[in-house]
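One structure below.
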Number of protein chains: 2
Amino acid sequence: MRTEVCEMFGIEFPLFAFSHCRDVVAAVTNAGGFGVLGAVAYTPDRLEEELRWIDEHVGGRPYGVDVLVPARLDLGDASGGPGGGGGPAAMLAAVPQEHWAFLRDLFDRHGVPLPDFDAARRSTARGAGEQVTEQGATDLIEVALAHPIRLIASALGTPPPRMVEAAENAGVPVAALVGTAEHARRQVAAGVDLIVAQGGEAGGHTGEISTMVLVPEVVDTVAPLPVLAAGGIATGRQMAAAMALGASGVWCGSVWLTTEEAETPPHVKAKMLAAGSRDTVRSRSRTGKPARQLRSAWTDAWEGPDSPGTLGMPLQMVVAEGAMRQINKVAESGHEGARELANYFVGQCVGLMNTVRPARQVVYDMVQEFAEALDRLNAITGSG
Amino acid sequence: MRTEVCEMFGIEFPLFAFSHCRDVVAAVTNAGGFGVLGAVAYTPDRLEEELRWIDEHVGGRPYGVDVLVPARLDLGDASGGPGGGGGPAAMLAAVPQEHWAFLRDLFDRHGVPLPDFDAARRSTARGAGEQVTEQGATDLIEVALAHPIRLIASALGTPPPRMVEAAENAGVPVAALVGTAEHARRQVAAGVDLIVAQGGEAGGHTGEISTMVLVPEVVDTVAPLPVLAAGGIATGRQMAAAMALGASGVWCGSVWLTTEEAETPPHVKAKMLAAGSRDTVRSRSRTGKPARQLRSAWTDAWEGPDSPGTLGMPLQMVVAEGAMRQINKVAESGHEGARELANYFVGQCVGLMNTVRPARQVVYDMVQEFAEALDRLNAITGSG
């Protein structure tokens, strides 16, 4: 296939795979697409290790890294001044007691043990809270740019000037995810090279405008800059649809979560395979910003009448991430209450994710379905 | 073009236009598409008049009628037993005083005069409330089937057996709008001939699953029954996208509201032309069921902290429709407060509706854009 992004990155098929799993990133890149490693959950050392592994497995084929750089942080009392973040201890201290109490009660009601609550809290603050400060993101970007990455993506808000500058100096294009045409305009002004227009049906942090409306709007707004379409796309016919809307390619995240390679906990994978498109919800309960995810007892509780309300980002992550780690640990042994609570970020296209396939096969299937969709359109008009 | 629905209805271009305006219906039908008159706002006599006019203007070309038959009515204390509806007086009486007081206060705050509140209330109950009872819908269906209509559509819920039966006896196919694959399955069981899969970005009564995800789901669910895609579609590239998803054609409502022929009040039309895709909201404030519409001081007030909460359908219509008529009347003279309140049902694609064109031209533009989108896809793959 020949689109602007195929030429820009030297890829055969303009399918970008966002995944936290290095095996998925390498498999998609090796199948002719473009893998993008979601780095937010990693410490700099761990990211270094993951990228070294990818370098060893893609034989010089192109891949990228995605970091989460929130435009605004809400650190409550833990703000350490400009740049944000008074460190893990300050973050922990800034979470109201009410929220810890709610969490304890939620675990109790579901019979989920919490043997070392304080240790979990501390590790959470270090693991989840720290990377989404501007300093945390900068550290990850520095690690990433020391590898032969071909794209650096910013998942939330306008990338800070020093990120754009560092990438430019390294000759690495910058991509940014947007949920509105206004955001796209701002990203172009900030100097990004590629826009990912992500509709509200997407998993993770997302806005409210649907892919069908957002993509043509953004394409018209940022032309001649290329646009990838994201949100709800898990099949080749959806890829054909996105490109009929004017996108130069697609960016998929959810579809990889049920692949063979995915590190999705087995009980969450099973939930996704069984879920319909109605079984997701846009909730602040995991990160503090609206993010689409599987509806579960966790999201219901935080949206429910007894909820203390969610905190901002990253404090809600401090509360949620350690809790979810414990929930998943307990759920893996078959614990019913923990399984009710467990969830993960996923888009409405979870309703179309009904089989476990190797990531490579997902790419090949999408290529095939794309061709079939185009044949059907040509048959309708008598062209082709 | 050749699709199942082109053959089924003998049309050139599988573009269905839902409109309350007979001029739009006739213009689209005469341009090679298929006009569908939204009948809910009409009394049986008025519908008779409109259909006679259409018959005189389409020269035997195919058109249809859409009625709103809610699966469940919430009549509060006005329920007259099975079949629902104790008549206009009972409906009026069932609206809590609190809601009338809220309305009076809302008008006061915006400086909108309400000279004959009681008369407005009475006419509202007759005009808006009555038609959405099962009896009201049945009366409209009877009028419609006496004309050479080629489609009868049910906009909410499963059509009652006697509607399907009456249509079948008259040889008229029945279409039903659905927002989930489960609803589609139920509609097929109820005997409908054509499914309209309407994504959450659509104007009017709508669910939450986006067009990009819903259409392939519904297509797979009801195959080999043909599916029209609805929700967010206002251009030919979106039509191409919808058909890449597997739809046999598209069903558009919003795009006609800013056409030359549309009876949209001029101040509302101006709002729509200026609106972006973010300027809609899914609100119960006009009908009692979630319906996407322009966000305005009206929707903000009903969603706001001082709101008494919305009533069910059709009681909220009794409250809202007369009020909105008065708002529009006052707004037409340039009254600022009334203009702030005014709104209308429209989808997120309002962001793509930026010029006033004849309805005929919208059809021709969509045909042209569809062809261009397909050419682009063929150029990308090297086919075509």
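Numbers below:
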read-out	value
Span-rule helices in chain A, defined as complete DSSP H runs reaching 30 Å or more along the axis (Cα) with Kyte mean at least -0.5	A:359-381
Cα gyration tensor of chain B - equivalent ellipsoid semi-axes, whole Å, descending	33, 24, 19
Counted charge near A:G337, where neighbours are those whose Cβ lies closer than 11 Å (Asp, Glu -1; Lys, Arg +1)	-1
Shielding by other protein chains, B:198-209, mean Cβ within 10 Å	4
Cβ charges +1 (Lys, Arg) and -1 (Asp, Glu), total dipole of segment A:12-61, debye	140
For A:E4, label point 7 Å along C-beta direction: distances to other copies, nm	3.7
Those lysines that a straight Cα-Cα span of less than 27 Å connects to A:K271, excepting residues fewer than 8 apart in one chain	A:K289, A:K329
Neighbouring partner chain Cβ atoms per residue of B:228-241, average, 10 Å criterion	5
Cα gyration tensor shape for segment B:1-71, rounded if a/c is under 1.5, else prolate or oblate	oblate
Cα gyration tensor shape of segment B:246-379, rounded if a/c is under 1.5, else prolate or oblate by comparing a/b with b/c	prolate
Gyration tensor verdict on segment B:130-220 (Cα atoms; rounded if a/c is under 1.5, prolate if a/b is larger than b/c, oblate otherwise)	prolate
All aspartates and glutamates inside 17 Å of A:K269 as judged from Cα atoms, apart from same-chain residues fewer than 8 positions distant	A:D23, A:E260, A:E261, A:D279, A:E332, A:E336, A:E340
Net charge of Cβ neighbours under 14 Å - reference B:A371; Lys, Arg +1; Asp, Glu -1	-3
GNM result for chain A, Cα springs below 10 Å: residue of A:G157, A:G253, A:G33 fluctuating most strongly	A:G157
Simple spin-label estimate for A:E142 and B:N378 in nanometres, 7 Å along Cα-Cβ	5.4
Whole-Å distance, taken between Cα centres, linking segment B:203-220 and segment A:150-168	34
Calculated label separations, A:A274, copies of the chain, 7 Å along the beta-carbon direction, nm	5.1
FRET efficiency, 1/(1 + (r/R0)^6) with R0 30 Å, evaluated for A:T355 and A:E7 via beta carbons	0.35
Order by protection proxy (mean Cβ within 10 Å, highest first), peptides A:327-333, A:92-98, B:173-179	B:173-179, A:327-333, A:92-98
Gaussian network model of chain B, Cα within-10 Å springs - most flexible of B:T221, B:T258, B:T158	B:T221
Helix-only [θ]222 nm of chain B, DSSP H runs n ≥ 4, -39500 (n - 2.57) each, per residue, nearest 500	-13500 deg cm²/dmol
Pairwise label distance in nanometres, A:A270 with B:S307, each label 7 Å out on the Cα-Cβ vector	4.0
Cβ-defined net charge surrounding A:H20, 12 Å radius [Lys, Arg +1; Asp, Glu -1]	-3
Cβ-vector label at 7 Å, B:V188, separations to other copies in nm	4.4
Exercise: per-residue mean of other protein chain Cβ atoms within 10 Å, A:213-220	6
Peptide ranges A:107-114, B:185-192 listed from the most packed, as the mean C-beta count within 10 angstrom indicates	B:185-192, A:107-114
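Any read-out appearing in this document is the output of simple, stated calculations on the displayed coordinates, not a laboratory observation. These figures come from a predicted structure and were not determined experimentally. Quick reminder, even Gly has a Cβ in these numbers, built from the backbone with ideal geometry, and neighbours come from all protein chains shown.
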